[in-house]
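The values are calculated or read from the model by the stated rules, or taken from the named source; none is laboratory data. Model, not experiment: these values are computed from the prediction. In this analysis, Cβ positions are derived from the backbone assuming ideal geometry, glycine residues included, and neighbour counts consider all displayed protein chains. Note: areas computed on protein heavy atoms with side chains; ligands, DNA, RNA excluded. Shrake-Rupley method; radii C 1.70, N 1.55, O 1.52, S 1.80 Å.
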Amino acid sequence: MSLGLGLALARLSAPLHAQAVRPAELEAQLPSLTGVERARVLARLVDAYKLDKPVQAVSYGTAALELLARFPDSAANVTTLSEMGWAYMQLSRFDEAVASADSARRLAARTGQRRGEARAISNLGTIAQRRGEPEHAIDQFKLALGIQRALGDNREIANSLNNLGFVHSTDLADYPSALGEHLEALTLREALHDSGQIALSLNNIGIVYGRLRQYAYATQYFERALAMRRASGNPVRIAGTLSNLGDMYLERDDRVHALASYREALALREGASDPAAISTSHRNIAATLLAMGKIADADKAMTLSEEAGRGLEDRGLIVGNLLVRASIHRARNDAPAAELAASHALDVARAMRSRELVRRSLEALSAAQEAAQSHLAALRTLQRAKAVSDSILDDQTGRRIADLQGRFNEERRARELASLRRDEAQAELRAARQANERNGVIVIAVVLGLVGFALYRRRLETAQIAERLSITDPLTGARNRRYIEQTIGADVAVSARRHLRASQRGVLADDADIVFLLLDIDKFKAINDEHGHAAGDQVLREIVQVLNETCRQSDVVIRWGGEEFLIVGRFTDRALAAIHAERVRQAVESRVVLVDGHTPIRVTCCVGYAAYPFRREDPEGKGWADVVALADHASYVAKHAGRNRTAGLMAGPHGAKLANTPITPDSITVWLAEGLLALEDDSARPPAEVVR
């Protein structure tokens with residue numbers, strides 16, 4: 001992933017504590033104000049300008065503190081000191097930032113201002129994150145969150161959750177914790193109808209998915225955030241999301257759009273006094289130009305980045321700049337300089353205890369060592385990088401991520417349905433009240449209305465349960481056919497759109513396919529006959545457990561019927577389908593099922609697979625149901641070859657001729673012979689003996 005993602009976003013994870021104000025209106029009041037009233041307005045201006053105009057914020061804050069020394073007001077004093085700390089941070093004057101925010105914290109604690117204390121602690125956390133002290137930042141954010149939960153302040157709770165999520169994802173690579181925190185923050189912000197903060201949560205959820213290399217999800221969240229931010233007109237926040245979108249474009253080798261996004265972000269950031277953000281934008285542009293082969297232009301852009309970031313204490317920024325500089329040295333065939341820069345980056349990343357930056361630094365160091373012909377050292381360094389990467393993206397990470405997103409989506413649907421039912425109940429209640437008022441029976445109308453609302457609530461709960469049951473197989477807990485019929489349309493549309501965009505750029509999308517794997521248990525009837533139907537049911541439940549453990553969290557496991565299961569591999573590469581199918585086959589073969597708690601039996605299966613779209617060059621040529629039919633026939637081919645096998649049916653060299661031709665079992669053999677279809681199988685592997 002490109003280095004722009006997240007490193008310059010700490011400033012965007014922070015709350016805008018003050019209520020919405022119009023700075024121009026506040027400034028217009030100043031000439032008529034004196035004493036403590038003037039100090040209070042100046043304090044509000046510090047909060048209003050701390051992000052976009054930090055120099056002005058510091059100036060107003062200094063004036064406010066001078067007045068407050070003569071006209072004490074502890075609340076205004078806490079606000080001024082706390083938000084001046086933020087403004088100093090924007091200017092990378094970190095010592096002054098810490099001193100100011102900590103003064104606010106101590107004053108708030110002495111005077112019993114719990115909200116002000118939590119605000120100052122939160123600002124201290126953000127300053128720590130910007131200085132490259134993520135663990136200290138986490139401690140501060142958790143402390144602030146505890147105060148805010150005790151106060152029941154949902155707006156500030158969401159802000160602290162957002163900050164925790166940002167550090168967990170950007171610095172500590174703890175993506176499940178990050179996603180959980182961001183989703184909880186999003187839920188709170190949606191209830192508050194705060195569009196600016198909703199956009200912030202969407203942006204940071206996009207960062208998590210970007211880190212997980214789930215670029216389709218990340219792009220969707222970034223695009224939603226950008227639309228909301230453009231509507232609000234905040235240039236700094238627009239720039240942050242543009243930078244993130246640029247990262248997504250660059251990951252997909254869409255360098256033209258990446259460069260355009262980065263340059264627009266830079267233009268917006270140059271209007272604010274934030275040297276770290278400006279440095280990051282120049283660095284992103286340098287990385288993109290380097291990817292385009294424009295080494296001299298990349299070198300110039302990187303020089304601008306280093307000039308903007310010179311003297312800053314933002315260690316994340318330092319690491320990012322060093323890594324791009326190492327890439328430029330490598331492109332210039334200066335391996336020693338590349339190795340030196342990557343080694344320096346690694347030292348800083350280790351001091352930060354940032355697993356993500358350590359991983360990137362190790363990869364850059366390995367590349368530099370390889371360029372220097374130090375192949376053994378390069379291999380060892382790459383192995384260390386892989387170990388760090390594996391610790392970040394272990395087998396459980398993806399599962400926890402998908403579970404969190406799934407629960408969030410279900411809760412959102414439940415809230416929307418509840419809201420709809422409440423509106424209906426209230427509408428009927430109003431109608432009943434009006435009718436009864438006309439008849440002079442107001443009391444009866446109220447009673448009936450309350451009874452009606454209770455009935456609607458019960459019906460709502462029943463409807464929610466019924467909805468869950470209607471898409472779930474009661475025996476195994478897997479999804480059923482109704483679920484895929486309800487959801488596959490959106491996935492197919494995304495897949496087709498991404499393939500079309502890729503073809504327009506003259507490239508192939510490598511993670512836009514939907515791979516369908518049809519699993520059929522071998523000799524399932526014999527299991528029922530020999531051990532009983534209860535044993536057969538247990539086998540089916542075990543198979544679902546195996547599939548849930550083996551498949552990616554983005555995949556969907558569906559009880560297709562009887563002993564057949566359909567796995568929907570979402571947004572993957574068809575070139576990996578055979579590997580995925582073999583992994584599933586092996587996992588099933590390896591599972592020992594204990595019948596009645598003591599009788600061990602083993603089962604095997606055949607797995608057939610096919611990919612949507614049938615042809616990447618023609619995403620709309622055949623529907624998903626046709627592809628599932630191919631996967632079904634492929635499982636039959638595998639079973640006919642001796643069971644416990646895998647097979648796939650893909651588009652052949654002349655597959656374009658099948659664009660509008662219905663797929664039937666009788667025609668498949670002919671199409672294989674004519675090159676319209678291609679068969680992938682594992683015939684080279686001898687069939688395994690199955691012991692029962």
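Considering region 641-665 alone, what residues qualify as being in a helix (DSSP H, G or I), in contact with a strand residue (DSSP E or B) (Cβ under 8 Å, 6 or more places away or on another chain) and open to solvent by 10 Å² or more (accessible area, probe 1.4 Å)?
Result: 656, single match.
I'd like to verify a number: residues in region 199-243 that are under 21 Å from residue 180 (Cβ atoms), out of contact with any strand residue (DSSP E or B) (no Cβ under 8 Å at 6 or more places or on another chain) and among the polar types (S, T, N, Q), how many?
4
What pairs come out if I take residues in region 632-643 that are of a type in the set (Ser, Thr, Tyr) and pair them with residues that are open to solvent by less than 30 Å² (accessible area, probe 1.4 Å) whose C-beta lies under 6 Å away, six or more apart or interchain?
635/518; 635/520; 635/606; 635/608
Are there any pairs, at least 6 apart or on different chains, whose C-beta atoms fall under 6 Å, with the first in region 150-179 and in a loop (DSSP other than H, G, I, E, B) and the second of a type in the set (Lys, Arg), and if so, which?
Matching pairs, first to second residue: 173/355.
So, residue 107, is that one farther than 18 Å from residue 160 by Cα, of a type in the set (A, V, I, L, M, F, W, C) and modelled with pLDDT under 95 or not?
Taking the combined requirement at face value, the residue does not satisfy it.
Tally time: how many residues in region 69-92 are of a type outside the set (A, V, I, L, M), in a loop (DSSP other than H, G, I, E, B) and under 18 Å from residue 317 (Cα atoms)?
So the answer is 1.
Looking for whichever is surrounded by 19 or more Cβ atoms within 10 Å (Cβ to Cβ) and either modelled with pLDDT of 85 or more or part of a helix (DSSP H, G or I) (or both) here; the options are 501, 585. Which one fits?
That would be 585, the only listed residue that is surrounded by 19 or more Cβ atoms within 10 Å (Cβ to Cβ) and either modelled with pLDDT of 85 or more or part of a helix (DSSP H, G or I) (or both).
What residue, of 638, 625, 634, is at pLDDT 85 or above, part of a helix (DSSP H, G or I) and within 34 Å of the chain's Cα centre (by Cα)?
After applying the criteria, what remains is 625.
Identify the residue in region 243-290 that is assigned to a loop (DSSP other than H, G, I, E, B) and touching a residue at least 12 places away in the same chain (Cβ under 8 Å) and, among all such residues, is surrounded by the most Cβ atoms within 10 Å (Cβ to Cβ).
The qualifying residue surrounded by the most Cβ atoms within 10 Å (Cβ to Cβ) is 274.
Within region 549-561, how many residues are open to solvent by 40 Å² or more (accessible area, probe 1.4 Å) and without any contact (Cβ under 8 Å) to a residue 40 or more places away in the chain?
Summing the residues that are open to solvent by 40 Å² or more (accessible area, probe 1.4 Å) and without any contact (Cβ under 8 Å) to a residue 40 or more places away in the chain in region 549-561 gives 1.
This table checks each residue for (1) crowded, with 23+ Cβ neighbours inside 10 Å; (2) touching a helix residue (DSSP H, G or I) at 6+ places or on another chain (Cβ under 7 Å); (3) among the aliphatic types (A, V, I, L, M); (4) assigned to a helix (DSSP H, G or I).
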residue: 296; (1), (2), (3), (4): no, no, yes, yes
residue: 300; (1), (2), (3), (4): no, no, no, yes
residue: 305; (1), (2), (3), (4): yes, yes, no, yes
residue: 323; (1), (2), (3), (4): yes, yes, yes, yes
residue: 342; (1), (2), (3), (4): yes, yes, yes, yes
residue: 350; (1), (2), (3), (4): no, yes, no, yes
residue: 367; (1), (2), (3), (4): no, yes, yes, yes
residue: 373; (1), (2), (3), (4): no, no, no, no
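Restricting attention to region 247-287, which residues are farther than 30 Å from residue 50 by Cβ and among the acidic types (Asp, Glu)?
If the condition is that a residue be farther than 30 Å from residue 50 by Cβ and among the acidic types (Asp, Glu), then 251, 253, 254 are the ones that fit.
State which residue pairs qualify: first residue at positive phi and inside region 319-343, second residue open to solvent by 40 Å² or more (accessible area, probe 1.4 Å) in any location, beta carbons under 9 Å apart, and separation of 6 or more residues or different chains.
333/371
Could you say which residue among 573, 596 is under 18 Å from residue 511 (Cβ atoms) and either open to solvent by 30 Å² or more (accessible area, probe 1.4 Å) or hydrophobic (A, V, I, L, M, F, W, C) (or both)?
Only one candidate qualifies: 573.
Failed condition for residue 601, given (1) over 28 Å from residue 668 (Cβ atoms); (2) in a helix (DSSP H, G or I), with all others met?
(2)
Given (1) open to solvent by 10 Å² or more (accessible area, probe 1.4 Å); (2) at pLDDT 90 or above; (3) under 20 Å from the mean Cα position of the chain (by Cα); (4) not aliphatic (A, V, I, L, M), where does residue 240 come up short, assuming only one miss?
(1)
Does residue 402 meet the test of being open to solvent by less than 70 Å² (accessible area, probe 1.4 Å), small (Gly, Ala, Ser) and at pLDDT below 90?
Yes.
Return the pair list, or none, for Cβ contacts closer than 6 Å from residues in region 117-143 that are open to solvent by 30 Å² or more (accessible area, probe 1.4 Å) to residues that are part of a loop (DSSP other than H, G, I, E, B), at least 6 apart or on different chains.
119/17; 131/313
Checking the structure you have, find out if any residue of region 175-196 is at negative phi, among the β-branched types (Val, Ile, Thr) and surrounded by 24 or more Cβ atoms within 10 Å (Cβ to Cβ).
no
What are the residues in region 610-622 that are surrounded by 24 or more Cβ atoms within 10 Å (Cβ to Cβ) and either part of a helix (DSSP H, G or I) or of a type in the set (Gly, Ala, Ser) (or both), if any?
610, 611, listed by residue number.
Exactly one of these conditions fails for residue 538: (1) assigned to a strand (DSSP E or B); (2) farther than 16 Å from residue 608 by Cα. Give me its number.
Evaluating residue 538 over (1) assigned to a strand (DSSP E or B); (2) farther than 16 Å from residue 608 by Cα leaves (1) as the failure.
For residue 231, state whether it is assigned to a helix (DSSP H, G or I), open to solvent by 10 Å² or more (accessible area, probe 1.4 Å) and modelled with pLDDT under 90.
Taking the combined requirement at face value, the residue satisfies it.
Among the residues of region 309-321 satisfying the criterion of being crowded, with 24+ Cβ neighbours inside 10 Å and not polar (S, T, N, Q), which is modelled with the lowest pLDDT?
It comes out as 314.
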